[in-house]
Amino acid sequence: MRALSYEGPYKVKIARKPDPAIEHPNDVILKVTRAAICGSDLHLLHGFVPDTRVGCTFGHEFTGVIEEIGKSVTTLRKGDRVVVPFNISCGSCFYCQRGLSGNCQNTNPNSDIASGVFGYSHSTGGYEGGQAEYVRVPFADVGPMKIPDDMHDEEVLFLSDIFPTGYQAAEMGEIKGGETVVIFGAGPVGLFTAKSAWLLGAGRVLVVDHLEYRLDFARRFAGVETVNFKDVGAQNIVLHLKEMFSGRGPDVCVDAVGMEAEGSKMHSTLGLRLSMEAGAATAIAWCIDTVRKGGNVSIIGVYGPPWNLVPIGTAMNKGLTLRMNQCNVRRYLPHLLKHIREGRVDARKIISHRFPLEEAPKAYDIFNDKSDGCIKCVLMPHGEA
């Protein structure tokens, strides 16, 4: 089969790889119909995620049609269309039984940092990803959700990761009705966090970024206020935001950026150039400094395992609640599917570019460079469907 292959930092190509095979009775083989490129894939591309091995295939956001079924699979049949959560979960361990599928202990037993994840390095289990013609899906009775017959794959593609991730980010902020919310990052996760904040009853939502075209899209897609921190000045952004919210700051701040944040020369130098910390923790610091006393900080942006320079003393003295985790995708799927079906969220609108699989390197360049008005790139391994 054809599949994306990682060739080292900033280098990917399309290669011929063996077709995946059933390795366990609970596996299925999926013919991939859509595979999105995620901002987290750029962390892999840039060499920031430990144990990302040459030759591996990225891709943890995908839909497909079941081609082959292991003998123990009971809920799926050949020909079913499914959307697959990015995290691989067993459904029966201590964490899965508590709804924490993103922390499954059986799918990534050699590490304590996460569950198994498709296409996300050997630090999360070494599973091959979905930016390929075919992919093996373990624990098929647990993760995949059937796509309704009357829905297009692209309508539900982002239930694999970024819509549930944004929803969990808003939920961790404990939005119950009327709260003010500031989201750092106008990428796809930030956009879905903003939509989710409204769904949960937020009274005011503002998104911060430094790219004007993304802020313009955020205003149109999510109906939010926006601030370009380059217009304000990175050194002034915290004070500027606090003043916009009665001098106290908002009730909730969300880090939807992660390890490659702009805005701090110190963090960029230590984290992105010298690898002395787990990326640039700029957005975490801005969240902690901006949110009001007694407020909530929700961290959904991805960081690497090593330490970060985070102002934890400020958080303690302000009495903040900090919550964070990889998204527990499976628990949100039925609820968020309903929001899509009933028209409250048109997830397909964030797709700005579509490419055949052989043009994946070009897609990565456009997504990485944030050129051509790129919001989200989607690969079509078998063409239009």
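The values are calculated or read from the model by the stated rules, or taken from the named source; none is laboratory data. As the structure is a prediction and not an experimental result, all values here were calculated from the model. All Cβ positions, glycine included, derive from the backbone under ideal geometry; neighbour counts span all protein chains shown. The area values use the complete protein model at the heavy-atom level, side chains included, leaving out ligands, DNA and RNA. Shrake-Rupley method; radii C 1.70, N 1.55, O 1.52, S 1.80 Å.
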Exercise. What tally of residues in segment 346-385 results from selecting those that are of a type in the set (Gly, Ala, Ser), within 20 Å of residue 150 (Cα to Cα) and outside any loop (DSSP other than H, G, I, E, B)?
Worked result: 1
Exercise. Got a sec? Which strands (runs of 3 or more DSSP E) wholly within segment 204-314 have at least 3 residues that are over 21 Å from the mean Cα position of the chain (by Cα)?
Worked result: 225-228
For this session: Would you confirm whether any residue within segment 157-169 is assigned to a helix (DSSP H, G or I), touching a Lys or Arg at 6+ places or on another chain (Cβ under 8 Å) and surrounded by fewer than 23 Cβ atoms within 10 Å (Cβ to Cβ)?
Result: no
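Check 329, 345, 297 and return the single one that is open to solvent by less than 50 Å² (accessible area, probe 1.4 Å), in contact with a Lys or Arg (Cβ under 6 Å, 6 or more places away or on another chain) and among the hydrophobic types (A, V, I, L, M, F, W, C). First the steps, then the outcome.
Numbers: 329 fails: in contact with a Lys or Arg (Cβ under 6 Å, 6 or more places away or on another chain); 297 fails: in contact with a Lys or Arg (Cβ under 6 Å, 6 or more places away or on another chain).
That would be 345, the only listed residue that is open to solvent by less than 50 Å² (accessible area, probe 1.4 Å), in contact with a Lys or Arg (Cβ under 6 Å, 6 or more places away or on another chain) and among the hydrophobic types (A, V, I, L, M, F, W, C).
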Problem set entry | Only one of 39, 70, 47 that is within 15 Å of residue 136 (Cβ to Cβ), of a type in the set (Gly, Ala, Ser) and surrounded by fewer than 24 Cβ atoms within 10 Å (Cβ to Cβ) | 70
Exercise. Exactly one of (1) touching a strand residue (DSSP E or B) at 6+ places or on another chain (Cβ under 7 Å); (2) of a type outside the set (Asp, Glu); (3) assigned to a loop (DSSP other than H, G, I, E, B); (4) over 18 Å from residue 375 (Cα atoms) is unmet by residue 198. Its number?
Worked result: (3)
Problem set entry | Residue check, residue 256 of a type in the set (Gly, Ala, Ser), buried (at least 19 other Cβ atoms within 10 Å of the Cβ), at pLDDT 95 or above and touching a strand residue (DSSP E or B) at 6+ places or on another chain (Cβ under 6 Å) | yes
Exercise. Looking at (1) open to solvent by 10 Å² or more (accessible area, probe 1.4 Å); (2) more than 30 Å from residue 97 (Cα to Cα); (3) over 20 Å from the mean Cα position of the chain (by Cα); (4) in contact (Cβ under 8 Å) with a residue 12 or more places away in the chain, which is the only condition residue 367 fails?
Worked result: (3)
Problem set entry | Of all residues making up segment 374-384, the number that are surrounded by 13 or more Cβ atoms within 10 Å (Cβ to Cβ) and over 19 Å from the mean Cα position of the chain (by Cα) | 3
Problem set entry | In segment 301-324, the residues that are open to solvent by 70 Å² or more (accessible area, probe 1.4 Å) and within 16 Å of residue 172 (Cα to Cα) | 323, 324
Exercise. For residue 129, are the conditions met, namely being out of contact with any Pro (no Cβ under 6 Å at 6 or more places or on another chain), outside any helix (DSSP H, G or I) and closer than 14 Å to residue 35 by Cα?
Worked result: yes
Seminar exercise, completed: The condition from (1) out of contact with any helix residue (DSSP H, G or I) (no Cβ under 7 Å at 6 or more places or on another chain); (2) acidic (Asp, Glu); (3) open to solvent by 50 Å² or more (accessible area, probe 1.4 Å) that residue 251 misses is numbered (3)
Seminar exercise, completed: Flagged in segment 169-189 as out of contact with any Ser or Thr (no Cβ under 8 Å at 6 or more places or on another chain) and on the phi < 0 side of the Ramachandran plot, in numbering order, are 175, 176, 179, 180, 181, 184, 187, 188
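Which one is farthest from residue 238 (Cα to Cα), of the residues in segment 293-316 that are aliphatic (A, V, I, L, M) and touching a residue at least 40 places away in the same chain (Cβ under 8 Å)? Before you say what the answer is, go through the steps one by one.
Going through segment 293-316, the residues aliphatic (A, V, I, L, M) turn out to be 297, 299-300, 302, 309-310, 312, 315-316.
Retained after the next criterion (residues that are touching a residue at least 40 places away in the same chain (Cβ under 8 Å)): 297, 299-300, 302, 309.
Working: 297: 14, 299: 17, 300: 20, 302: 22, 309: 17 Å.
Looking at the filtered set, the residue picked out is 302.
In segment 152-162, is there at least one residue being closer than 18 Å to residue 104 by Cβ and either among the basic types (Lys, Arg) or out of contact with any His (no Cβ under 9 Å at 6 or more places or on another chain) (or both)? Outline the logic, then answer.
First pass over segment 152-162, keeping only residues closer than 18 Å to residue 104 by Cβ: 160-161.
Pick out the ones that are also either among the basic types (Lys, Arg) or out of contact with any His (no Cβ under 9 Å at 6 or more places or on another chain) (or both) and you get none.
No, the conditions are met nowhere in segment 152-162.
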Problem set entry | Enumeration of residues in segment 50-67 that are aliphatic (A, V, I, L, M) and open to solvent by less than 10 Å² (accessible area, probe 1.4 Å) | 66
